[in-house]
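The values are calculated or read from the model by the stated rules, or taken from the named source; none is laboratory data. Keep in mind it's a predicted model, so treat the numbers as computed, not measured. Neighbour counts are summed over all protein chains in view; Cβ atoms, including those assigned to glycine, are modelled from backbone coordinates with ideal geometry.
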């Protein structure tokens, strides 16, 4: 094998691995969290560090939701959380807990993320049975 052929194989392999990582990062499994209710308010703590943890929150529709974001990094990408469909945005200072009280939300999926849309999370509001 020539050095040129080995270089081509190595570059192709790195490219395939990079594509696989990007696909896993954006569409891979998400950590789900079912919210516990205290005093009628559904409350969940979300850590912001390279993403949202948990990044999938399941709540009961029609009941108030309190999200407590704590950002543990200094990346400019995660300095703000945006809820496009709820027309809501908040600054997330590093090391501080930011409480976001959501109105009662309709059944369905409500996404949130950084202002660039690279880091994302989802709230799934389910109808109460």
Pull up segment 33-54, narrow it to residues that are loosely packed, with under 15 Cβ neighbours inside 10 Å and not in a strand (DSSP E or B), then point me to the one that is modelled with the highest pLDDT. 49
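Among the residues of segment 98-129, which ones are outside any strand (DSSP E or B) and surrounded by 15 or more Cβ atoms within 10 Å (Cβ to Cβ)?
Once the filter is applied, which keeps residues that are outside any strand (DSSP E or B) and surrounded by 15 or more Cβ atoms within 10 Å (Cβ to Cβ), segment 98-129 yields 105, 114, 119.
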Condition first: in a loop (DSSP other than H, G, I, E, B) and at pLDDT 95 or above. Now tell me which residues in segment 55-72 satisfy that. 72
Whether any residue in segment 85-96 is buried (at least 17 other Cβ atoms within 10 Å of the Cβ) and assigned to a strand (DSSP E or B) is what I want to check. no
